[in-house]
Amino acid sequence: MSQAEVDTPLDDAAVEARRAAARAVRTAFRDSGVHAMLEVAATRAAPAVSVTIPLVGTGGSPFPVGTGLPLPDGAGPLQQLLAHHDIHAQVTVVELGPDPALLVALPTGDDALRLAALVIERRSEAHDAALRLRGAFAGIGITEDHIYVTDGTVQVGDISVQDAITLYDVLTGGQRNDAAELDLGDRWDPWPWREVEKLAKLMGPVVSQAAGAPLDCIPHPACRTCISSRPHRITLGSASPQPVLLLADAISSANSSSTSGASPPAN
């Protein structure tokens with residue numbers, strides 16, 4: 001291969017196609033709880049998409065556990081698995097700073113898309129549940145959530161009290177106004193910390209009923225010194241995947257009913 005062929009640049013459409021494939025890979029890994037760094041090449045000879053996955057600080061495996069991809073005993077097992085799924089790739093162990101990492105070089109955008117599909121197919125139940133709840137939260141306007149997976153359990157926590165009131169209103173169909181009576185109107189006011197505790201106590205039975213299992217609603221009021229950097233918060237707690245899915249479905253169903261049952265605007 002000549003030097004001219006090595007350095008032949010791709011046109012804009014081809015580069016954008018590679019970028020789209022890389023975004024799919026990034027999303028698939030992120031939703032599976034895996035940190036991955038991606039690079040897209042703009043020349044013909046280079047791999048279309050390169051994925052670097054740290055092997056340190058990932059809880060023992062950089063991939064979803066259970067039915068997920070195998071532990072990286074060197075690069076061999078992953079190379080074989082990808083080949084089995086018709087994913088052409090060159091897998092090597094590289095250094096990322098002082099620590100090892102896996103480098104997966106994918107020659108084409110189609111190979112990258114097949115890798116994304118494989119990761120999604122093998123995503124754990126807990127990550128599926130976390131993703132569903134995150135979507136249900138987003139559907140009612142809660143975007144600053146902290147939902148993550150630890151050892152197969154979904155941790156749900158640290159939503160602001162304003163978002164907690166929104167969640168409470170959705171799950172109760174807006175029929176109970178006890179939360180509205182709390183003095184929580186100013187998110188930057190440090191004094192109503194007792195009101196935060198009252199709200200958490202109100203929410204506990206409601207979210208637990210929706211999930212079909214006990215969920216701890218733990219208040220985390222902000223103090224006078226930290227209120228300038230964070231609002232009062234409530235942590236819903238941890239649960240196995242099935243209660244999290246039930247909670248997500250309850251939120252989506254209640255929100256859909258509320259939206260469909262809204263009165264049409266007056267002429």
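Residues in segment 3-38 that are touching a Gly at 6+ places or on another chain (Cβ under 7 Å) and over 30 Å from A129 (Cβ atoms) were compared, and the one that is surrounded by the fewest Cβ atoms within 10 Å (Cβ to Cβ) is A17. Regarding D186, is this residue under 23 Å from R134 (Cβ atoms) and either surrounded by 12 or more Cβ atoms within 10 Å (Cβ to Cβ) or at pLDDT below 90 (or both)? No, not satisfied. Looking across segment 150-178 at every residue that is under 18 Å from the mean Cα position of the chain (by Cα) and among the hydrophobic types (A, V, I, L, M, F, W, C), the one that is nearest to G33 (Cα to Cα) is identified as V154. Checked against (1) within 17 Å of D163 (Cβ to Cβ); (2) surrounded by fewer than 18 Cβ atoms within 10 Å (Cβ to Cβ), L215 meets all criteria but (2).
Would you pick out the residues in segment 39-56 that are over 14 Å from V15 (Cα atoms) and buried (at least 16 other Cβ atoms within 10 Å of the Cβ)?
Result: V51, T52, I53, P54, L55.
Evaluation of D111 against the conditions (1) in contact (Cβ under 8 Å) with a residue 60 or more places away in the chain; (2) under 16 Å from the mean Cα position of the chain (by Cα) shows that the sole unmet condition is (2).
What helices (runs of 4 or more DSSP H) completely inside segment 61-179 contain at least 1 residues that are among the acidic types (D, E), closer than 22 Å to A24 by Cβ and modelled with pLDDT of 90 or more?
Numbers: elements: 76-84, 109-121, 125-139, 161-171.
Those helices (runs of 4 or more DSSP H) span 109-121, 125-139.
Among residues of segment 212-253 being under 23 Å from the mean Cα position of the chain (by Cα) and polar (S, T, N, Q), the one that is farthest from D151 (Cα to Cα) is S253.
The values are calculated or read from the model by the stated rules, or taken from the named source; none is laboratory data. This one's a predicted model, so the numbers in the text were calculated from it and none came from an experiment. Neighbour counts are summed over all protein chains in view; Cβ atoms, including those assigned to glycine, are modelled from backbone coordinates with ideal geometry.
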